[in-house]
1. Which far-off residues, 5 or more places away or on another chain, put their amide H under 5 Å from the one on Glu302, with H placed in the peptide plane?
2. Residue by residue, what Karplus-based ³J(HN,Hα) values in Hz, rounded to whole numbers, does the range 201-216 have, using 6.51, -1.76 and 1.60 with θ = phi - 60° and x for Gly and Pro?
3. Show me the ranking of peptides 92-104, 478-490 by mean Cβ neighbours inside 10 Å, starting with the highest.
4. Got a sec? Charge dipole of the range 1-211, +1 on Cβ for Lys and Arg, -1 for Asp and Glu; which of Ser187, Val154, Gln84 is way out at the positive end?
5. Just to check I understand the Karplus step: with θ = phi - 60° and J = 6.51 cos²θ - 1.76 cosθ + 1.60, what whole-Hz values come out for the range 181-197, glycine and proline as x?
6. Over the range 218-417, calculate the relative contact order: mean separation of alpha carbon pairs under 8 Å at least 6 apart, over the residue count, as a percent.
7. At a threshold of 8 angstrom on Cα-Cα distance, excluding pairs fewer than six apart, so keeping six or more, what relative contact order does the range 1-211 reach in percent?
8. Quick one: which residues, 5 or more positions from Glu640 or on another chain, have an amide H under 5 Å from its amide H? H modelled 1.01 Å from N in the peptide plane, none for Pro or chain starts.
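Read the figures in this text as sums done on the coordinates, not as results from a lab. Because the structure is predicted, anything quoted here is derived from the model rather than measured. Positions of Cβ are generated from backbone atoms using ideal geometry, with glycine treated the same way; all protein chains shown enter the neighbour counts.
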Amino acid sequence: MNNKIEQYLDNNEEVLYKYLKKYFGLTTFRPKQLEIIKHTLKGYDSFVSIATGGGKSLCYQLPSLLLKKTTFVISPLKSLISDQTIKLRSLGIKAIKLSSDIKDSSKEYNDIFKGLYRIVFITPERLVNEVMSINKLVENNGVCLFAVDECHCVSQWGTDFRPSYRRLDILRNMFPNVPTMALTATSTTEVENDIIEVLQLQNDNFKIFRSPKNRENIFYKAIYKETENKDYEMILKIINETRKSIGGVSNSTIIYCPTIQTSIDLNQYLQANKILSNCYHSQMSDPQREQVLKQFLFNKTEVVCATIAFGMGIDKHDIRVIIHYGPSKSVEEYYQESGRAGRDGLPSLSLVFFSLQDFTKGSLRINFGGNHQTKSNKIDKLTQLKNIMVNRTECRRKAILSVFNEQYSVPPNGCGGCDNCTEEKDTSNLLELTHESRILINCIFEAGQSCGMKTIINILRGSTSSDLAQKHLKNSYYGKGISFSLKFWKELANQLKTLDYLTETTSNVYTITKFSKKGWELYKSPDLKVFIGSNKILKDEYKLTNFYKNQLSSKKLSTSISISSTISPSKNNIISNKWSVLAAPTSNSNIQSLFQILVEYRKSLSALTEIPEFLLFSEKTLRHIAETRPSSLDSLRLIEGLEEKKIKDHGNSILLKVKEFSKQKSLNLDNFPSNNNKNNNNSNNNNNVNNNNNKITSTISHIPEPPKSQKDKNNISTIFNIIKGFNTSPQSKQKLDANDNNNNNNNTSFQFNVRSSSTGSLNSSSDSINNISKSDSSNNILGEKRKSDLSNTGDNKRFKISVKNLSFAEIYNHKPSLTPINYFDIKNHFKSIRDQSYRNNPKRIPPKQ
């Protein structure tokens, strides 16, 4: 039988393309899809690892349609099952979910086991209970395939392990002649081996299929948390700015929150700021969660603040932004969650807010339960994610893909799709902080490696706490670090952790800082040196030298000082040239106007049919229609993404919209490129369809991609210029620049800026600038100096302050934006302050009696 099918497929491969176009509106298969489908049709088992949005579901759907048999799809979440069922029905495919609502005596139940449905979604628990009914259908040769979706849930090494999935070995034991397909987007080698063993897929013809997991349309960025208020404010601005850039099309956003309370608080904040948001968590009832999901799918809700309960329960293709307010549990989990964005191929953002404390808390939660081996595995995965988040030099895309054993060669100018490759940074000027690092490490050693970093820093800064002084007065490094700020020592400690000099362990509920192997080498060897990139510590610490509190206590600066925000031409070209291919045209106002008409039509049709907008017509499809202006159903069939059912149901309505608009604007129809390269421009703008029939190509493979336009509001260069404008270097916790030059103006508009690359930006929050700017300019102690140092260069004026007039021993207060002074001036000033501080003999504060 398999040989007959193989011969048939070899001679009639076009049948697969026919079904592909009929049911899915596509003309080409994605990588590995055709090979997987043929393998399945021959009756063989397979393991399929394809990126989220890479077309896994088509691999098990098309064989059922071709063979006219039933495929049982085992899926872990009810919400995901509901979502996928709606999608298939919208394509004209008979699909159903075998949920608890369907009783044994119902018509739907009987129809399922009569083989009247092509796709049956079922949970693993229900599958085990229905094996006898399934067996009858198998005996009648009515089952095509068992597809185990999200199969990483099978593995105890996976991040979403579910015990019920371990019972799926029943598929091989009960139905040895029915092929099994295991599908996932996230699996390491260890997880894959476990899945294959549990599902017993090791037969002679079993094959593993992997496709590239690089999601090129997703921009990856990670930033350190600040205060909750500032983080929420940034999230709000990201949502608003993305909405402006999208230009009226879906601005769907998912914000993953670490706790239920955080999801509630953030949702309330967004709602108070007029964002259509909702929350989704495990304490909500099933009807409440179903309602939130439905509103999100139908674009009634713009933002969902969710816990991980929302993880695999969404299959919405036009999600533009995924925000993690706190890190995931592993790289695999993060990849899957971030992969929910941009499944329609358009540019999207994955943004992570995190702090080192998040990872410490995560380790503590892991240590509270489970056996040693499980805990060790989870901590390793969390540490793996932490290393990627804190790393500010390596391409994030490469680091993520390496976890899945996928080699990614970073282009010379960077991938263009992550913050580490696109943000300007100073990597050439390194600051030697060997002395400071040794002081920190020696202090840890004398404290017996039994304290947390907070205690160590208090010792270095000579804390007056009676308890601390009593315990650590004999530490020879008590007070040695008083000349440096608390912020400096925290940042240095973070960098030494990142560079693997220090490590943290948990003891009961306490976090202890100890040496790593590399730290021991630094402690023992006097020849080793420590270099930190200047963008890590130098910038923040230099800000402390800008204002001398004792001198300025009675006088305040009144002029807000800003830095010019420029981006190097080379970086700008990298973004626009590499990513603009994912965008569609809007440079022509007529194309954009027709596109908006089609968007409104899709919106009204969605309300009428109760089918989500993205399932009716994708944005790419609508843009292609607006560009080509088809005149008939035949020419409409040349549009990529329009399956036959939708053409029959809605084709005439679409054509009516196109023809009405074209007639009003005197535009030609059937604006397809000609195969014979003839000049098809009609100087008279004749709207006669017959004059343009020669433009229609009958070869499906020649359907053009929409032309690219730099002015497109969905262009990646537009969106990613915003993304680059976030410009928040994690180690210095840089803030977004607000357009607050006019401090008397209540304008709340926000402008993203990008820094130049000399020594990096010394930017500040708008609050700091506003606080400084409220006093009268006549009180400006540096007023005359400011006048002499302003260079008359139009709008890009510069304000320089001599470093010699500033004191380092200043408590961190205000952080205004200053034009970077020469790097060596700053370095020399830093060194002179350091030398002076170590000549001082800090006064020891005796413990209270």
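1. Leu276, Ser277
2. With the stated coefficients, the range 201-216 comes to 8, 7, 9, 4, 9, 5, 9, 9, 10, 10, 10, x, 9, 6, 8, 5 Hz.
3. Working: 92-104: 15.8, 478-490: 19.8.
Answer by packing, highest mean first, reads 478-490, 92-104.
4. My answer, from the dipole projection, is Gln84.
5. 10, 9, 10, 7, 9, 9, 7, 8, 4, 4, 5, 4, 4, 5, 4, 4, 5
6. On the way: 291 pairs, mean separation 47.3, N = 200.
Value for the range 218-417: 24 percent.
7. 28 percent
8. Excluding prolines and chain starts, which carry no amide H, there are no hits.
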